[in-house]
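Colleague: This is the structure I have questions about; it appears just below.
The values are calculated or read from the model by the stated rules, or taken from the named source; none is laboratory data. Only a predicted model underlies this, so the values are computations on that prediction, with no experimental measurement involved. Neighbour counts are summed over all protein chains in view; Cβ atoms, including those assigned to glycine, are modelled from backbone coordinates with ideal geometry. Accessible surface is based on the protein model in full, side chains and every heavy atom, while ligands, DNA and RNA are left aside. Shrake-Rupley method; radii C 1.70, N 1.55, O 1.52, S 1.80 Å.
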Amino acid sequence: MKVAHWLVIVAAVAVIWTSFAYLSLDLGQLLSAEAQTQMWKYTASFFPPDLSLDYLTRIGEGTLETIAISAIGTAVAALLGLLIALPAAGRFGIVARTIARLLPNFLRSIPELVWAALMVMAAGLGPLAGTLALALHTAGVIGRLFAESLENTPPEPAMALRLGGSGPALAFLYGTMPNVLPQLVAYALYRWEINIRMAAILGVVGAGGLGQMLYVSLSLFQQPQALTVIIAMLVLVALVDGASAWLRDRLVR
Amino acid sequence: MRGEGHAIRDPAAMPRLALALLIIALLWPGFRLTEFDLGVLLDPRNRETMGRFVATFFPLATSHEFLQLVLKSTLETLAIATAGMALAMLVAAPLSLAVSRSLSMSRVGPGPGRLAGTAARLPARFVLMFFRSIPEIVWALLFVRAVGLGPAAGVLAIGVTYGGMLGKVYSEILESNDTRPAVALLESGGGRLGAFFYGMFPVALPELVSYTVYRWECAVRASVIMGFVGAGGLGQQMELSMRMLNGGEVSTILLTFLLLVVLADAVSALLRRITQ
Amino acid sequence: MPTSDMTITLDRVSLTHPNGLRAVNGISCGIGRGERVAIIGPSGAGKTTLLRMIATALRPSDGTLSLLDVDPWRLDRAGLRRLRSRIGMVHQAPPIPPRQRVVTAVLAGKLGQWPLWKALASLVYPADIGGAQRMLERMEIADKLFERCDRLSGGQLQRVGVARVLYQQADLILTDEPVSAVDPALSDRIIGELNREAIARGVTLVASLHAVDLALHWFPRVIGIRNGEIVFDLSPVKISDAMLKDLYASESAVVPTQDSLPVAVPAAGIRRRPLCS
């Protein structure tokens, strides 16, 4: 065990050293006096943030757009997730089940930002691309979870309704949905919280919201505006954190 | 009795209606703000571009040159994640020691240093929070502007963001562990560093390593994504291929990314098993 | 006897479970329209399996079964659904989603009869609050109309299950040990209400019961089964203590009654008052 520890330490140091060498990174150069003054000058150019009313209005619009992207993206994802989950839980036979099992795994293993880059190509620059990107990734996450909760839900209520002559769709709505709907809603709200954070930064690949404003202002060398956007992002995330903690307290109580 | 039955109203009806209206009122402007119009996807021009692009996803690009390029970018991504984590540990170690209350001299015996100690911990706490609150991709965007395109920006971005995260979690691990050995050392007049290395470090080590390895796994994923804003590695390669509408290359890189994630997952699980 | 007067006809019906266990072994019997029949027997005798076959939940592996003048397994999908909507079943554990409201759970009894639009609309606003309310009044839980089912006690929930079947207005009511988890006073009340319903509308009632005294008290015809075969099929006045003892011989000669502790049968321990319709 002790030998294994030492081996791990030696290996870790070797791997780290190799990494720096492979990237031909010179920490000394990065921390050199010249680099430091340059970094300092760059940092200073961000101050003071642009707090003009005009720009703050645009920030407000960007924030609203970010929230809208996350909300619509999550809502669409919940619908798509439900559509995926039904066959994935084996409701339409074994073949449909196998295919529907793979789909959510595929959707969620591609990060939101990669989806966003792809969607920017499909739908053009702007919030729609971000919305679709969030919808696709989140649909995978929700679809998988929802399929699991469908499989774990007791089949007796729906079965009893079928024996009473109701069709499969109604038996599902009356017998199964009441069990799984609260889970779906709770999980969609939780993903919404995560997606607000994500929507704020998706824009750096052109998918709308605050991220896109940040990208544009940095590209135009407008550092004070960029700093305002960053502050807005931090405030947004802090507000979302606070709101969700408050809600959770209320709901769990 | 029957007459009464008809007069009963569902008490949940009004709240449900109100909730439905509220949701519609909230989502409706959302559809307009996000320019949610799936027609865009069906627009003939977009559809043609996209259709041609998607059609090129298969077959995968497997030319020898390109595969070598992918291998190089993959190694670069791994190197960015690893170097970034090394930097993050350098950032996190001193800050977490400064923040951790368990190593507070003044707590050993209530003394005059107590207020000063708290005051000194605040800035360290603030720096950690500042580092981790800004997402890594934003840091990457900033560093690309500061030090230019390439892996250096990615390493710095991971170093800063993950430094903030590691610092916070390190200090929490140190505080949650059994602090009596360290306090005993402090009480017998040992220095803080001595108390740390002999009293705390051995107890907390497995947890510290396990968390660091887990974060390394996240860093691999993050370093791919940061490439999209020009911070090197696989992501930058994917961005280039996308821009050239070369679907075959994009799907090869996507596949590589998925394999890399699985691999990082396996390596991190293995490392954590060894160190436990 | 013309076929149209028969609700259930079993002709050498058997059922072998996939694991090779033969739960029902060549049972033949007929139950006429408006008859009220109790099925008793030791646990594992095949009561539930027999009932589930009559409910079309299980398909017999041998023999033929005719319900309300049709063979359910020769019907097409729509025909089977129509037949099933005429059969109401009270389950041992009420199969109701915990978060559903009582009113919705009761109205679900008519899902097989309502047109689709009505069933969907009822999810948004209950389609027949008054109807549900009347059934709950009969079960003395009308105050629970808008309560969520997970806020009810076990006995209350079972009464919701019975209210659903009453609301269904089925032509054949089946109950599978409906009161095995309910206290004696309430059991009596539930079985009594089901009997009153059957008498009032002239429909058939078949109940498998664990408590022998309930069966002998409320039903004019009692079928005893053991090892998947009919041991006796008689009016309760003709059933002797010896026959009961024999039926439950495998359960160490203890005949289960409503009291939580089953007691050995004393000569006059069980009331026999077959209800005349």
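Colleague: Along the positive direction of the dipole of the protein assembly as shown (beta-carbon charges: Lys, Arg +1; Asp, Glu -1; about the Cα centre), which of A:F92, B:T252, C:P115 reaches farthest?
Modeller: C:P115
Colleague: Ignoring everything but the protein chains, give the 1.4 Å probe accessible area of C:K238 in square angstrom, nearest 10.
Modeller: Near enough 140 Å² of accessible area.
Colleague: If R₀ is 22 angstrom, what is the calculated FRET efficiency for the pair B:S133 and A:L53, using the beta carbon separation as r and rounding to 0.05?
Modeller: The formula returns an efficiency of 0.30 here.
Colleague: Mind putting a number on the dipole of region C:1-48 about its Cα centre? Charges go on the C-beta only, +1 for Lys and Arg and -1 for Asp and Glu, and I need it in Debye to the nearest 20.
Modeller: Here region C:1-48 has a charge dipole of around 140 debye.
Colleague: Moving on to the next point. To the nearest 20 Debye, how big is the dipole of the protein assembly as shown about its Cα centre, given +1 on the beta carbon of each Lys and Arg and -1 on that of each Asp and Glu?
Modeller: 900 debye
Colleague: Rounded to two decimal places and with Rh computed the Kirkwood way over Cα pairs, what is Rg over Rh for region B:149-235?
Modeller: For region B:149-235, the value is 1.18.
Colleague: May I have the pair-distance distribution P(r) for region A:53-252, computed from all Cα-Cα distances with 10 Å bins from 0 and rounded to whole percent?
Modeller: 9, 30, 29, 19, 10, 4, 1
Colleague: Cα extents of chain B along the three principal axes, largest first, in whole Å?
Modeller: The Cα atoms of chain B stretch 84, 78, 38 Å along the principal axes, largest first.
Colleague: Can you pull the mean other chain C-beta count within 10 Å for peptide B:130-139?
Modeller: Partner-chain Cβ atoms within 10 Å, mean over residues of B:130-139: 4.
Colleague: Counting only other chains, and only Cβ atoms inside 10 Å, what mean value do you get across the residues of A:114-127?
Modeller: Average per residue, whole number: 5.
Colleague: Next question. For chain A, what's the relative contact order in percent, using C-alpha pairs closer than 8 Å and at least 6 residues apart?
Modeller: Value for chain A: 25 percent.
Colleague: Run the simple label-point estimate for C:C29 and B:L259 please: 7 Å along Cα→C-beta, distance reported in nm.
Modeller: Distance between the two pseudo-spin positions: 6.9 nm.
Colleague: Which residue, chosen from C:A207, C:S235, C:Q168, occupies the Cα position most advanced towards the positive end of the dipole of chain C, where the dipole is computed from +1 (Lys, Arg) and -1 (Asp, Glu) charges on Cβ about the Cα centre?
Modeller: In chain C, that residue is C:Q168.
Colleague: Among A:70-80, C:224-234, B:80-90, B:22-32, what's the highest-first ranking by average C-beta atoms within 10 angstrom per residue?
Modeller: Most protected by this proxy first, the peptides run B:80-90, A:70-80, C:224-234, B:22-32.
Colleague: Can I ask one more? With +1 on the Cβ of every Lys and Arg and -1 on the Cβ of every Asp and Glu, and nothing else charged, how large is the dipole of region A:53-252 about its Cα centre, in debye rounded to the nearest 20?
Modeller: Result for region A:53-252 is approximately 480 debye, rounded to the nearest 20.
Colleague: Across peptide A:214-222, what mean number of C-beta atoms from other chains lies inside 10 Å of a residue's C-beta?
Modeller: Per residue, the average neighbour count from other chains is 2.
Colleague: Once you list every other residue whose beta carbon is under 15 Å from the beta carbon of C:Q92, what net charge do they have if Lys and Arg are +1 and Asp and Glu are -1?
Modeller: Around C:Q92, the charge tally is +1.
Colleague: Same structure, new question: So what is the relative contact order for chain B, in percent, with contacts set as C-alpha pairs under 8 Å and at least six apart?
Modeller: Result for chain B is 26 percent.
Colleague: If contacts are Cα pairs under 8 angstrom and at least 6 residues apart, what is the relative contact order of region C:107-211 in percent?
Modeller: Relative contact order here is 27 percent.
Colleague: Kindly report, to the nearest 10 Å², the accessible surface of C:C149 as traced by a 1.4 Å probe over protein heavy atoms only.
Modeller: We get 10 Å² for C:C149.
Colleague: May I ask you to rank C:D246, B:D43 by accessible area, largest first, using a 1.4 Å probe over the protein chains only?
Modeller: If we order C:D246, B:D43 from most to least accessible, we get C:D246, B:D43.
Colleague: Limiting things to C-alpha atoms, what are the Rg and the maximum Cα-Cα separation (Dmax) for region C:36-171, in angstroms?
Modeller: 16.3, 47
Colleague: Could you order peptides C:193-203, B:232-242 by the average number of other Cβ atoms within 10 Å of their residues, highest first?
Modeller: Highest-to-lowest ranking by the protection proxy: B:232-242, C:193-203.
Colleague: Using r as the Cβ-Cβ distance of A:L83 and A:M159, and R0 as 30 Å, what FRET efficiency do you calculate, to the nearest 0.05?
Modeller: According to the calculation, E is roughly 0.80.
Colleague: Round to the nearest 10 and report in Å² the accessible area of C:Y167, as given by a 1.4 Å probe over the protein chains' heavy atoms.
Modeller: So the heavy atoms of C:Y167 present about 10 Å² to solvent.
Colleague: Still on this structure, please answer the following. Is any residue of region B:242-276 close enough, with backbone N under 20 Å, to a label point placed 7 angstrom from the Cα of B:T62 along the Cα-Cβ axis, and if so, which?
Modeller: Of the residues in region B:242-276, B:246-260 have backbone N under 20 Å from the label point off B:T62.
Colleague: Taking a quarter of the surface of the Cα convex hull of the protein assembly as shown, what do you get in nm²?
Modeller: 48.0 nm²
Colleague: What percent antiparallel are the DSSP beta bridges of the protein assembly as shown, to the nearest 5?
Modeller: 55 percent
Colleague: Computed FRET efficiency, Cβ-Cβ of B:L90 and A:R250, R0 51 Å: what is it to the nearest 0.05?
Modeller: With R0 = 51 Å, the Cβ-Cβ based efficiency is 0.75.
Colleague: If you don't mind, another one. What is the P(r) of chain C, as percent of Cα-Cα pairs per 5 Å bin from 0?
Modeller: Bin by bin from 0 Å, the calculated values are 1, 6, 12, 16, 18, 16, 14, 9, 5, 1, 1, 0.
Colleague: Further, regarding this structure: Positive end of the dipole of chain C, charges at C-beta (+1 Lys, Arg; -1 Asp, Glu), about the Cα centre: which of C:L50, C:H217, C:T257 has its Cα farthest in that direction?
Modeller: C:L50
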